[in-house]
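Encoded as structure tokens, the structure appears first; notes follow it.
Read-outs throughout are calculated quantities, based only on the coordinates presented, and are distinct from any laboratory measurement. Only a predicted model underlies this, so the values are computations on that prediction, with no experimental measurement involved. Quick reminder, even Gly has a Cβ in these numbers, built from the backbone with ideal geometry, and neighbours come from all protein chains shown.
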Amino acid sequence: MVLNDYNMNKSENINYELEKNMEVISQLDGFVGHAVDNVLVDPDDCWQPTDFLPDMGKLDAFDQVKLLQERAAGIPDTVITSLIGNMITEEALPSYQTYFNLLEGINEEGNLLSPSGWVRWSKAWTAEENRHGDLLNKYLYLSGRADMKKVEQTIHRLIYNGFDPKSEKDPYQAIIYTSFQERATKVSHVNTGKLADKAGDDVLSRICKTIAGDEARHEKAYKSFMSEIFKIDPNGAILAFEKMMRKQIVMPAVLMGKGSPNPSLFDQFSAITQKIGVYTGWDYARIIDHLVKLWDIEKLTGLNDVASKAQDYLANLGERYMKVADRMKAPDEVQLAWLK
């Protein structure tokens, strides 16, 4: 009986927290709508994948493709494999829009034609993101460096398996997650661009840096959403931050190998990004440190007891992860995937 009472109280508390969070999310609808109109770009004004690729309607199209392949030939296999993994992550956009619209308080009507700021954001944001996978996919197809059948099977399987960032349908935790993840993808694309430039492919370098620029805009928006939540509900915001950090950030493509002949595919991809410096344990630690400082976690006042404990946990979390990263060794050998 006592156990049942405990479970009931716990359930009631979770429901109360979600209802409170939904109220705050509702208050931010106008703020988010403003971001759609001022941070995101109208489709007619956005760059598109064809801006970076050979124009197959021109007489010299195959000469352009040949030049692309010559540039791509000098890129190390590890960088190509990392690029493919990044592209596959970007291609799982259907899962990300679905996930966002299932969050409590985001789209209560279940109507993708709703004029609400949050619903408009979910569509406009994922529409911008969709170009990233399209561009990288076409580049890799034209480059001749990837086994595209295997790549396509991995994309298919990742979307087939779905996506769970472990945010418990809580919009606060979801916005913490996206603030982190947008910065992580920005770092990954920037570093890939540097490696492409070093290998002599200035076009791929420009592609990666352009995609990173989009991620930077999206990151800034999500961080601003969370900053507003911290102003309105600092106790709830810091508890959501703590929850996500204790669970650790699950990368979007983590299920790319589940159910396949190679279930450890994501681990192999992660090992490569660590080895070549595209995305490392140090990057993970630095992102935590950045968010803790951005939201002034150590300076928050008036917190309740539970939130104060979360504050203590978060204050030096980046430093602790940095020490873990210092002890991590890049793998001596990595298994490559998706290559011909």
At 222 nm, what value in deg cm²/dmol follows for the chain if DSSP H runs of at least 4 each add -39500 (n - 2.57) and the sum is divided by all its residues, to the nearest 500?
-23000 deg cm²/dmol
So how tilted is helix 2-27 from the main axis of the chain? Cα-based, degrees 0 to 90, rounded to 10.
60 degrees
In Å, what Kirkwood hydrodynamic radius results for region 163-206 from the alpha-carbon pair distances?
12.1 Å
Can you give me the distance in nm between label points at Met56 and Trp282, each placed 7 Å from the Cα along the Cα-to-Cβ direction?
4.1 nm
Let me know the shape class of region 165-279, please: from the alpha-carbon gyration tensor, a ≥ b ≥ c as square roots of the eigenvalues, rounded when a/c is under 1.5, otherwise prolate if a/b is greater than b/c, or oblate.
oblate
Just to be sure I understand the model, the point goes 7 Å from the Cα along the line to the Cβ. What's the resulting Val250 to Asp77 distance in nm?
3.2 nm
In whole Å, what are the Cα extents of region 274-340 along the three principal axes, biggest one first?
58, 23, 17
Bounding extents of the chain in its principal axis frame from Cα atoms, largest first in Å, are 71, 48, 39
Dipole magnitude of region 229-327 about its Cα centre (Cβ charges: Lys, Arg +1; Asp, Glu -1), debye to nearest 20:
220 debye
If one compares the long axis through the Cα atoms of helix 29-38 with the longest principal axis of the Cα atoms of the chain, the angle in degrees, nearest 10, works out at 20 degrees
Among Gln64, Gln173, Gln97, determine the one that fluctuates most according to a GNM of the chain built with springs between C-alpha atoms less than 10 Å apart.
Gln64
Can you compute the FRET efficiency between Lys299 and Tyr141 using 1/(1 + (r/R0)^6), with r the Cβ-Cβ distance and R0 = 51 Å? Round to the nearest 0.05.
0.55
Among Leu158, Leu103, Leu303, which one shows the highest mean-square fluctuation when the chain is modelled as a Gaussian network with alpha-carbon springs under 10 Å?
Leu303
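How would you rank Val187, Val41, Val119, going from fewest to most other Cβ atoms within 10 Å of each one's own Cβ?
So the residues, fewest neighbours to most, are Val41, Val187, Val119.
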In nm, the gap between the two label points placed 7 Å beyond Cα toward Cβ at Val203 and Ser308 is 6.1 nm
For the Leu67, Asp45 Cβ pair and Förster radius 25 Å, calculated FRET efficiency rounded to 0.05 is 0.30
